[in-house]
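Please read the structure below before turning to the comments.
Nothing in this text is a laboratory measurement; each read-out follows from the coordinates by a stated rule. Just so it is clear, the model here is predicted, and its values are computed rather than measured. We place every Cβ from the backbone using ideal geometry, glycine too, and count neighbours over all the protein chains shown.
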Amino acid sequence: MSKLISVNRVHLAELLGKGGFGRVYAGVVSPQGDVAVKVIDCESTADMLGLDDWEELRDYLFAEGERLSEAEHANVVRVFSVGYNDSRSQVYIVVERCDRALIHECRQGPAPLATAKTAIAHSLRGLEALHLRGMVHRDIKPGNILVKGSVYKIGDFGLVTDNLIHGYASRQGYTEHLAPEVFEVGVTSPATDVWAMGITAFRVLNGEPWYEETLNAMGIDRSDFVDTAHRLEEIVTSGRFSARLRWMPHVPKSWRRLVNKALHVEPSKRYRDGGQMLSAMSSLDVPDSPSWACAYSDDRIVWMRRTGDREELVEWQRHAPNKNEFVAFTRPVGLTGKRFTLARSKGILSKASVLEELQNFFKTRS
């Protein structure tokens, strides 16, 4: 077991994760029991942000943490308490312990459509609750949507003012979720949360490996924070970002329209807030047929679903950027029965051509 460290009356155990504004530990506190504790070192954070007065940052974080403790909702990670330790120049925020972050699911590939709808709807309900209280999250992304049981919750609040967020973003790689107006004037709002939710939804629907490919196709190297910031700012502020997103072929057009509206360059043409985006999403249907599960590798993508006593498979072989082919077939789940081909590509195709053919195929199987 990790050595326990006492911070006031909160006992910290193993490190669960870290980000631009602190570290998150497992903890134990009475009467809640197992919790997560975010510890923010105000001196180093103030220095990172170029601030002269770390105590001002401490007081802001403390006040914001107290405010968040009042934002109780089933889809918002509960804040139990907040405090600071002047001798260590630290603020700590005690929150409910969750099982994992949504980003871990995204790394496996696209979420099945039914799962994606649940994750996005739950997140939007939490975002709506914050917006109704006049709060802005400022850091919506898959890593900050946590899962507890079967419930998705918004957590790890940005805790950063508008006059700090642009500097924070350019240093810490958060730029991937910044709306155009944040780049241009550095001001956040419910509309900037909607933009970030649009990027999050894209990553859930398509999976992290595909998202990485999409950024690479835009000339964005995520390993270089400075280059990522500059390249994204150029594309996002030009209004071309949503048009350059590449979608997995099984994602229905109705879902693409939802995300594209959330990513409109003009804030007034996006969804007004989390509640309006949630209302729009509620009309999107998940097909009655089973959702596709997807297995992803560099040279092969496979979709599979079971219908009755048979399973359908789609295999996309990616031999090279301009050498692609696919085959779709159905076969029995058991050992007996015949395999039937449902469709195949018209020879060896470019990526764009095979994507178009696959999209047309998936339309017929919804």
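Output the peptides 194-202, 341-349 sorted from most to least packed, where packing is the average of other Cβ atoms within 10 Å over each peptide's residues. Display every interim value, and only then the final one.
On the way: 194-202: 26.1, 341-349: 13.3.
Result, highest mean first: 194-202, 341-349.
Can you give me the relative contact order of region 5-96 as a percent, contacts being Cα pairs under 8 Å and 6 or more apart? Write out the running numbers ahead of the final one.
Numbers: 155 pairs, mean separation 22.1, N = 92.
After rounding, I find 24 percent.
Legend: translational diffusion of region 197-302 by Stokes-Einstein, Rh = Kirkwood radius over C-alpha pairs, 10 °C, 1.306 mPa s; D = 104 µm²/s. Only Cα pairs under 8 Å and 6+ residues apart enter the sum, and on that basis the relative contact order of the chain stands at 12 percent. A DSSP coil position with no more than 15 other Cβ atoms inside 10 Å describes none of the chymotrypsin sites (Phe, Trp or Tyr not before Pro) in region 305-366.
In debye, nearest 20: dipole of the chain around its Cα centre with unit charges on the Cβ of K, R (+) and D, E (-)? Spell out each step's value before the answer.
On the way: 47 positive and 47 negative charges, 422 e Å.
Roughly 2020 debye for the chain.
What number, rounded to the nearest 500 deg cm²/dmol, is the helix-based mean residue ellipticity at 222 nm of the chain, given -39500 (n - 2.57) per DSSP H run of at least four residues and division by all its residues? The partial results should precede the final answer.
Details: 12 runs with 138 residues, N = 366.
When only DSSP H runs of four or more count, the value is -11500 deg cm²/dmol.
Across region 177-324, Cα pairs under 8 Å and at least six residues apart give a relative contact order of 21 percent. Qualifying trypsin sites (Lys or Arg not before Pro) in region 96-148, where qualification requires a DSSP coil assignment and no more than 16 other C-beta atoms within 10 Å, comprise 107, 133.
Taking a ≥ b ≥ c as the square roots of the eigenvalues of the Cα gyration tensor, region 100-282 is classed as rounded, since a/c falls below 1.5.
Starting from the coordinates of the alpha-carbon atoms of region 5-96, obtain the Kirkwood hydrodynamic radius over all distinct pairs and give the value in Å to one decimal. After inverting the pairwise mean of 1/r, the radius is 13.5 Å.
Taking 19 Å as the straight-line reach from the Cα of residue 338, the aspartates and glutamates in range (excluding those fewer than 8 positions away in the same chain) are 309, 311, 312, 315. Checking the cross-link pairs 18/117; 141/261; 261/351; 38/117; 253/363; 18/153 against a 21 Å limit on the alpha carbon distance flags 18/117; 261/351; 38/117 as lying beyond it.
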